[in-house]
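Encoded as structure tokens, the structure appears first; notes follow it.
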Amino acid sequence: MKETVVPAKCIDGAITLPGDKSISHRYGMLGGIAEGATTIHNYSTGADCQSTLACMAALGARIERVNGKVVIHGGALHQPAQPLDAGNSGSTIRMLSGILAAQDFTTRIGGDESLSGRPMDRIIRPLAEMGAHIQGRQLPERSGSYPPLTIEGRPLQGIDYTLPIASAQVKSCLLLAGLFATGDTIVREPISTRDHTEIALREFGADIEVHRRVIKLAAGAHLTGRELVVPGDLSSAAFFLVAALLMPESNLVIRNVGLNPTRSSLLDFLTAAGASIKVIDVKQSGGELIGSLRIRASKIKGGLIEGALTASLIDEIPALAVLGAASSGGLVVRDASELRVKETDRIAAIESNLRRMGVEIETAPDGFRIPGGQLFHAAELDSGGDHRIAMAFAVAALAADGPCTIGGAESAGVSFPEFFSTLREIAH
Ligand code: S3P
């Protein structure tokens, strides 16, 4: 599906966003294995999080939707009648594999074409050390294992594992497996990643300790259902933040977004680059910080994203690339080879769409450099089936010198089905 986006002069209004994708996945999975009912308010409307719920339902959890809430009646899982479909969702397949590896049945889990090309060795190797038996698909042209996965459930032992790459999905997969293992599970992170799983596990009743970047989950956890509110998704807010910063005279309020410190370095980065962002009404819910943001158009200096900052901004880099081109000093991104194995090769997708708009970019295997002070020219853009590329370039299109089309715009629905209608409400 193609969307046409016309240039705008300002972003003005107050919006509330669908629930955070990362947190929704975790509540959906933990609700499915916890004893009793879990009630989730503001569960993500994105297709990825619906894939998680559909998998949990196929595994035996009873899921109801009551007045916009998701209610999950969880407990013991059973073998699904059909292979599980994770759709486009890396979080679903990687995190759920930790749970499936410990069940007393065999499951097959796969997804769409994009997911079928995403590396799974990062979970298969440590899970195998815990005693799991997982067979992936081999590709003729690339080493490693890819979906679909056949997971023969086995009794697992705890592990003491140092993550070789910064990945919250891998960390979460091992902690979820650890719930069913004999012996404690310890995960050591060289670089901090989002800690929603640790927070959610504690909320559901697990015994989990975190010291610096070492997470220790005690064996024998008994999880019980909870009532939880999912904060608005800060990674979805990023597109509107960038749009409001770019368009002169913008004045935007985004209500009740997640401000977890492992995610909010986006706000620190933007503020350091000159953005006017006020955080108001901060509160805590289910162990997660929530607050509202007031954003005004600002002159942005640009910046450098590398090392630990790259890991904590990884999902926001497509939006920040657009802002970088319009900033005075440009943007340099390093240590971001993970972008090449997201829903698309995001470095290549950013490069091809910026070039179509007449914007200069130099790429490297693990990042790129975009000079500042550039103008966006009207062009035919393409998401390549990647939700964050569709949304980032819809924002670039607002700043262009004429109407742009975005091919594959429906992919925004993976995390944010209401994206284009919300954009139309606030872009003037
Ligand atoms: C996520 C972790 C990150 C992120 C993804 C969501 C999560 O992936 O890019 O969108 O919810 O744990 P990696 O674990 O592959 O870095």
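Among the candidates LEU245, LEU266, LEU259, LEU323, single out the residue that is in contact (Cβ under 8 Å) with a residue 40 or more places away in the chain, closer than 24 Å to ILE23 by Cβ and touching a helix residue (DSSP H, G or I) at 6+ places or on another chain (Cβ under 8 Å).
Of the residues listed, the single one that is in contact (Cβ under 8 Å) with a residue 40 or more places away in the chain, closer than 24 Å to ILE23 by Cβ and touching a helix residue (DSSP H, G or I) at 6+ places or on another chain (Cβ under 8 Å) is LEU266.
Go through segment 105-143 and give me each residue that's open to solvent by less than 20 Å² (accessible area, probe 1.4 Å) and either at pLDDT below 95 or of a type in the set (Asp, Glu) (or both).
none
Here are ALA364, ALA308, ALA379: which of them is open to solvent by 20 Å² or more (accessible area, probe 1.4 Å), over 24 Å from PRO18 (Cβ atoms) and away from the ligand (no atom under 16 Å from the Cβ)?
ALA364
Filter segment 329-348 down to residues that are within 16 Å of the ligand (Cβ to nearest atom) and on the phi > 0 side of the Ramachandran plot, then give me how many there are.
1
Looking only at segment 102-129, count every residue that is within 11 Å of LEU149 (Cα to Cα), among the small types (Gly, Ala, Ser) and in contact with a Leu (Cβ under 8 Å, 6 or more places away or on another chain) and tell me the total.
1
Can you tell me which residue is most open to solvent (accessible area, probe 1.4 Å) among those in segment 402-417 that are part of a loop (DSSP other than H, G, I, E, B) and farther than 24 Å from GLU249 by Cα?
Among those that are part of a loop (DSSP other than H, G, I, E, B) and farther than 24 Å from GLU249 by Cα, it is PRO417.
Which condition number does GLU338 fail, the rest of (1) under 15 Å from the mean Cα position of the chain (by Cα); (2) open to solvent by less than 40 Å² (accessible area, probe 1.4 Å); (3) of a type outside the set (S, T, N, Q) being met?
(2)
Taking the options ASP315, ASP281, name whichever one is of a type in the set (D, E, K, R) and either in a loop (DSSP other than H, G, I, E, B) or open to solvent by 30 Å² or more (accessible area, probe 1.4 Å) (or both).
ASP281
On the basis of being of a type in the set (Gly, Ala, Ser), assigned to a helix (DSSP H, G or I), surrounded by fewer than 18 Cβ atoms within 10 Å (Cβ to Cβ) and not assigned by TED's automatic domain parsing to the domain that holds ARG122, does ALA348 make the cut?
Criteria met by ALA348.
The values are calculated or read from the model by the stated rules, or taken from the named source; none is laboratory data. Quick caveat: nothing in here was measured; it's all calculated off a predicted structure. Using ideal geometry, Cβ is built from the backbone for each residue, glycine included, and neighbour counts are taken over all protein chains shown. Heads up: the accessible areas ignore ligands, DNA and RNA and are worked out on the full protein's heavy atoms, side chains in. Shrake-Rupley method; radii C 1.70, N 1.55, O 1.52, S 1.80 Å.
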